Amino acid sequence: MPTVKTLAKGQIVIPVHLRKKYDIQPGSVLHLLEYGGILYLIPPVADPVKAAAGSLPRRPSLAKRLLRERKKDFPCHTPIALSSPAPYGTKRIS
């Protein structure tokens, strides 16, 4: 992990291998994000939605996994339609 020093006006020098890797030129704009006590320098992208596409795994679906686990917790539970008529020989209680 490269370390950098701050200069008199709070400036830092980004190591050359990182500048080349992220195509950071003199005058480039970087986003600065502070989160959880950590500072992040983020090179902006032309289309952030396109850049983020595919960053999450397609499978397994978290929603499907949660539903399967929920069904295991309640194996006997079957949904009951509230508008269904009462079975023959029983009275419906309102």
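Since every read-out is calculated from the coordinates, none of them should be taken as a lab result. Treat the numbers as computed from the prediction; the structure is a model and nothing was measured. Cβ atoms come from the backbone with ideal geometry, glycine included; neighbour counts cover every protein chain shown.
For segment 1-68, the list of chymotrypsin sites (Phe, Trp or Tyr not before Pro) that fall in a loop by DSSP and count at most 16 other C-beta atoms within 10 angstrom reads Tyr22. Loop-located trypsin sites (Lys or Arg not before Pro) across segment 12-59 with a Cβ neighbour count of 11 or fewer within 10 Å are Arg58, with loop assigned by DSSP.
What does the extension gain come out to for Val4 and Arg59, with contour length at 0.36 nm per residue minus their alpha carbon separation? Mind showing how you got there, number by number?
On the way: separation 55, 0.36 × 55 = 19.80 nm, distance 3.94 nm.
Difference between extended and current length: 15.9 nm.
Local charge for Ile14 was computed over the other residues whose Cβ lies under 11 Å away, with Lys and Arg +1 and Asp and Glu -1, and equals +3.
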